[in-house]
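The values are calculated or read from the model by the stated rules, or taken from the named source; none is laboratory data. Being a predicted model, the structure only gives us computed values, none of them experimental. All Cβ positions, glycine included, derive from the backbone under ideal geometry; neighbour counts span all protein chains shown. These accessible areas exclude ligands, DNA and RNA; they are computed on the full protein's heavy atoms, side chains included. Shrake-Rupley method; radii C 1.70, N 1.55, O 1.52, S 1.80 Å.
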Amino acid sequence: CVIGPRPIDLHTKGLQKLGIDIRNEEGYVIGRTTDLKGADVFLGGNFGSSVLATANIMCAAARARGTTTIEFAACEPELVNLAGFLRQMGDRIAGDGSHCITVEGTERLHGAEYTVIPDRIEAGTYLLAGAVTGGQVRVERCVPEHLHALTDKMEEAGLEITRTADVLEVKPSRRWKAVDIVTLPYPGFPILPPGNVSKKK
């Protein structure tokens, strides 16, 4: 991947636990199964857990026979949103937002209407763009609690942030100060590609 190493070992490990045969064929990863079975899956890797591996295992487990337990699952808001969507479609999921998610498989899922949460990285990018250009930027229809790590550091740097239920606004400031930023899985400061453990601004 152009932004750094993005191994898929946790994806394949978890899917294999559920009964999917994974093979590399002519540069492609091919998965085959005739029967998904619930299992205990541990998703700890060299760089911690994996958001997309957790999502893939949740989706596969939704149709597996029995119960799947995902240990060391990622906790990002996007996974809580996915769990809500799967529940709306008839699946039974518990523990989303924590490091242990359980999924009770079901034979059939049904259609549903669901609202996807706003993109917290995009919202944060707009706030930072306003700050570095000396402008006043108001980001509406976001989820402020998903950006606590970012707004905390922006305030520490001397910026003024105002919040309401679904709005974040940054006001221009001529006085900035340097702050140390260490990237961590959610709810920490959004992670950079593996290998970039910390960044100082």
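Could you tell me whether any residue of the range 39-50 is assigned to a loop (DSSP other than H, G, I, E, B), open to solvent by 70 Å² or more (accessible area, probe 1.4 Å), touching a residue at least 60 places away in the same chain (Cβ under 8 Å) and not polar (S, T, N, Q)? Yes. Of the residues examined, residue 134 is not one that is touching a Phe, Trp or Tyr at 6+ places or on another chain (Cβ under 6 Å) and not in a helix (DSSP H, G or I).
With respect to the conditions (1) of a type outside the set (A, V, I, L, M); (2) open to solvent by 50 Å² or more (accessible area, probe 1.4 Å); (3) more than 17 Å from the chain's Cα centre (by Cα); (4) more than 28 Å from residue 163 (Cα to Cα), residue 91 falls short on a single one, namely (2). Is it the case that residue 151 is crowded, with 16+ Cβ neighbours inside 10 Å, of a type in the set (Ser, Thr, Tyr) and over 30 Å from residue 37 (Cα atoms)? For residue 151, the condition - crowded, with 16+ Cβ neighbours inside 10 Å, of a type in the set (Ser, Thr, Tyr) and over 30 Å from residue 37 (Cα atoms) - is met. Taken together, 95, 27 contain a single residue that is within 25 Å of residue 149 (Cβ to Cβ), of a type outside the set (Phe, Trp, Tyr) and out of contact with any Cys (no Cβ under 7 Å at 6 or more places or on another chain), which is 95. Count of the range 152-178 residues, restricted to those that are farther than 22 Å from residue 116 by Cβ, within 21 Å of the chain's Cα centre (by Cα) and not basic (Lys, Arg), is 1. Comparison of 181, 191 shows that the only residue that is at pLDDT below 95, within 30 Å of residue 92 (Cα to Cα) and either assigned to a strand (DSSP E or B) or open to solvent by 80 Å² or more (accessible area, probe 1.4 Å) (or both) is 191.
Looking only at residues in the range 170-184 that are touching an Asp or Glu at 6+ places or on another chain (Cβ under 7 Å) and of a type outside the set (A, V, I, L, M, F, W, C), the one that is nearest to residue 149 (Cα to Cα) is 171.
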